[in-house]
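To start, the structure itself, in structure tokens.
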Amino acid sequence: MTNNDRINLIRRISELEGLTDHERSALLGLLREGKTYGLVWEDKPEAVEERLRNKLPVLTEVKERALISDSKDAPNHILIEGDNLEVLTTLAYTHAGRVDVIYIDPPYNTSNKDFVYNDSFVDKEDTYRHSKWLSFMSRRLKIAKQLLSEKGVIFISIDDNEQAQLKLLCDEIFGANNFLASVVQKSRDSISGDLLFSTNHNYLLVYALKQSIIFAHKEEFRIPSVANEKAFKNPDNDPRGPWKLNPVDGPGGERKGNPYYTFLGITGYYRYSKEMMQKYYDDGLIIKRKNSLGKKYFLSQALSKKGDPPTTWWDDAGTTTNGTKLLQKILPDIIFNNPKPIELITRCLQLMYKDATILDFFAGSGTTLHATMQLNAKDGGRRRCILVTNNENNICESVTYERNKRVIQGYTTPKGEHVAGLTENNLRYYKTDFVPSEPNNTNKRKLIAAATDLLCIKNDVYREQTVFGGRRLKPAAARYFDDGKTQMLIIYNEQAVDAFVKVIGEMDVTNRIKVYVYSNNHYAYTDNFEPVAGKVEVCALPAAIYGTYQKVLKLRKRSDNISADAPFAEETPTEAEQATHNIMKKEVKHD
């Protein structure tokens, strides 16, 4: 019997007439005894959930920490300081269905003070140790699923403490049919001699949002095959990047009928016609070395060629020791336990798209952003990365941010070696902030004012202008952002709508302007914007934000009118709904 069959039967039993309460309870009890397959745990409440019932999270930029490149094409990366459940809630508005790669390295629940639940470490004596971990992960992974694009993939590092539970949890959330692999990653080289077994591996669970789409593009799901990258040099500073020489003479040339001629004084059987050789020479690709000729083969070309399908045994994706040594070179005064090796993250990213949007909401030391920027520099990618971490022990400011700041600006290792900065990157720093959840007029206006940074992140446009259509703006009435590619107008004062419509009507608009307008309900003043409908995309705020948060937090609105007493007030369930809930809820069990 499927869950839907069970729910329908529960409803029918609840609605049957002529049954006593005892008979009805007995029938429902029989359904309750039915065996089901899956993961069962007791859901444990989390303090942050209660906070989210009374306050709505927003993001506020710490402008003095922004690192902005001189390059207009630099990708925008984002670091967010805050509880990741609160931040994921905001990302559900800005990035729903838009994240291509999620990599996370969550707490492994080892009982060695690595997992905090409701401000307390969970130790091995905690009866509900596994339930707390599963509750914690389930809430975050369910939102993460909503963020994945249709071609999205999530990579999760884990060890034996929770691997089995996490696999079942992910089967439930992402669907067992969307499971791609359980990669075994060699995580350390040394051997622990005081143990019965020396554990030298971790796991990497890989799930797709839609496995069918990944398989449709399986030829792209390959790791670039480059036998020896060190062989590629750039002695002549070729703007096309490092290169090595490949032979232009054809093996078995005479036997294979290769053309025979003299070029640059050297006679032989060549792979290419004389006309093509001349073209390559004119393009600076043919190099003469003593009595031989060679053609430049660029590292970028090698990286564009995909190799064999990835295996599920990764013994060359770095170890914890690699991660520690690299971090000590960048931040020699910082002690950080078990940073992930950059090689592991790089290998995950190489499997995906060069223009991917990447998210890591257990960012730790910030390896994921470092890997993103380094890989972009290497293969010409346009990947964008979002990091999320709390600031426990000042980790976000002193480790995550500081590491990537030095990677962007350049740094000197303790041995005096200078490492050039990856300067063609932008990094913006945000913190979570809150507005009251009760949607009275005052709080609604607070929310739309505080949502400006959310809208910049959502539309990837940050360059604010003080003039719109030749008119100077009053910030209390509206703000305008334009980076030459995207235009975004936020109207805080709805009484100014008609004035802006008139200005837009006089403007030459190539791409539609994204217009967000304050409204007390869902109405976006579409009638007013009708004369310029072809020039704008209009959205009413804060209704769109309330709607997203209500969906993510799984709380019910009293009605569609957001001016009700509370945006997420729960309705009283019907008797049938309550019976369904009682049957389908997870049973209370000790771990």
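The values are calculated or read from the model by the stated rules, or taken from the named source; none is laboratory data. Everything numeric in this text was worked out from a predicted model, so none of it was measured. Here the Cβ is made from the backbone with ideal geometry for all residues, glycine too, and neighbour counts use every protein chain on show.
Quick notes
- Residues located in region 319-335, provided they are closer than 25 Å to residue 108 by Cα, at pLDDT 90 or above and either touching a helix residue (DSSP H, G or I) at 6+ places or on another chain (Cβ under 8 Å) or not hydroxyl-bearing (Ser, Thr, Tyr) (or both): 322, 323, 325, 326, 327, 328, 331
- Taking the numbered list (1) aromatic (Phe, Trp, Tyr); (2) exposed (fewer than 13 other Cβ atoms within 10 Å of the Cβ); (3) not assigned by TED's automatic domain parsing to the domain that holds residue 416 in turn, residue 297 passes all entries but (2).
- Search result, residues across region 91-143 that are surrounded by 22 or more Cβ atoms within 10 Å (Cβ to Cβ) and at positive phi: 109
- Segments classed as strands (runs of 3 or more DSSP E), wholly inside region 119-227, with at least 3 members that are within 18 Å of residue 310 (Cβ to Cβ) and in contact (Cβ under 8 Å) with a residue 60 or more places away in the chain: 148-158, 179-186
- Between 480, 462, the distinction of being modelled with pLDDT of 95 or more and assigned to a loop (DSSP other than H, G, I, E, B) belongs to 462 only.
- Checked against the criteria, residue 537 does not count as of a type in the set (Asp, Glu), farther than 25 Å from residue 75 by Cα and surrounded by fewer than 16 Cβ atoms within 10 Å (Cβ to Cβ).
- Yes/no for residue 72 being without any contact (Cβ under 8 Å) to a residue 24 or more places away in the chain and over 18 Å from the mean Cα position of the chain (by Cα): no
- The condition of being within 46 Å of the chain's Cα centre (by Cα) and among the small types (Gly, Ala, Ser) does not hold for residue 292.
- Residue that is charged (D, E, K, R), in contact with a strand residue (DSSP E or B) (Cβ under 7 Å, 6 or more places away or on another chain) and within 30 Å of residue 379 (Cα to Cα), where the choices are 295, 288, 279, 274: 295
- Residue within region 383-406 that is modelled with pLDDT of 95 or more, among the charged types (D, E, K, R) and touching a Pro at 6+ places or on another chain (Cβ under 8 Å) present: yes
- Set 266, 335: member being in contact (Cβ under 8 Å) with a residue 24 or more places away in the chain and either aliphatic (A, V, I, L, M) or within 30 Å of residue 400 (Cα to Cα) (or both): 266
- Any hit, region 419-438, residues being in a helix (DSSP H, G or I) and either among the charged types (D, E, K, R) or on the phi < 0 side of the Ramachandran plot (or both): no
- Checked against (1) modelled with pLDDT of 95 or more; (2) surrounded by fewer than 16 Cβ atoms within 10 Å (Cβ to Cβ); (3) among the hydrophobic types (A, V, I, L, M, F, W, C), residue 266 passes all but condition (1).
- Selection within region 342-393 - part of a helix (DSSP H, G or I) and under 14 Å from residue 76 (Cα atoms): 369, 370, 372, 373, 376
- Residue match in region 248-262 (condition: buried (at least 17 other Cβ atoms within 10 Å of the Cβ), out of contact with any helix residue (DSSP H, G or I) (no Cβ under 6 Å at 6 or more places or on another chain) and outside any loop (DSSP other than H, G, I, E, B)): no
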